[in-house]
């Protein structure tokens, strides 16, 4: 009886333990760097690339339930001023959210006594408002905006974080939850009234702007009761050193009637924000990945990842290990850093050989209708037939019958470098021909995948 019980327990724990092992295989945990209302944040290193990442760990306990939607919210966001998501791992006990690490610390820490210089405060507030405008456009309300929930990366740019209290906005839907940071609460929340999402975020933007320029809060009192009373009355003073246009903007934002508050887009058009240096457009979102970077895909292929499955992961935004590796390498490249791999966590069936090839000239094929001929796959050499387990795995993939699989494993060959240098010239010449042929085939397969992905969209 005891033996059966132990065996059943092991079966139940196996998926969670397996995922924990995968986490340790892919990431080296370094230190604890913060705590959220529902989570713990750790600094870790992605073993394959050596890049430092932040991992937010949310325990699956009742009191953390409001934060359970954070992984799905982050999946839908992609903006230069919102923290970038790399991977999501869910176990029986935890959510692991792997994100970019903003090494510059909290925006709060960048505000000196007395407040920032006007131009610096303008730049930071512009980026903060851009992030809020984007989230509202995407149907997301943050509900806990404050300078502590904006990080600064190594390049001095703002990144919005901590979506634990965030929720989706739907038409004609009001909220009733009373949560957030007391000093940033909107009057309608303090009065326990039903409230709309975006105006609550806008009120918090006014508190943030006030703090950037003064390093103090507009509503401050010795007791909670007095603090909430000041918020409801809208009673505050603005120091004389705050520029006139910035003062007017704060007054426009901190309006008691939520319907009279400007939207984030309107704030971006305010004269105080449009003067001086011109910044990035408010909706400078990174375009969705339509065609992966050939250089990055080649690096990933060299370490044993299936480039077709990686491509599908990117297209479907699965945020798995393969997608995380791609996004981290892309993040490195966008910051002017070299794309390099340091480890080898993905054991390939046969060690692939590096392919130094330029596939940037491949065309983006047009979408085809269902009436056009089906996609053709390349015939495989008889000596490199797919393994049985690969064929079985391919049969499990759900797809239209008219869209055949594109097997890529035949491109992997034994490591040429391991062969002796004493080979005959004829043998070396043959190997180089095989290598050139493999490169051409990979290039053709990449083009074929482009067509496949376009067809896949048509059949969805």
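Numbers below:
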{"quantity": "For peptides 215-223, 259-267, sequence by mean Cβ density within 10 Å, most packed first", "calculated": "259-267, 215-223"}
{"quantity": "177, 148 arranged by Cβ crowding within 10 Å, fewest neighbours leading", "calculated": "177, 148"}
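Where a number appears in this text, it was derived from the coordinates with a stated rule and is not lab data. Please read all numbers here as calculations on a predicted model, not as lab measurements. Counting neighbours? That spans all protein chains shown, and the Cβs are built from the backbone with ideal geometry, glycine included.
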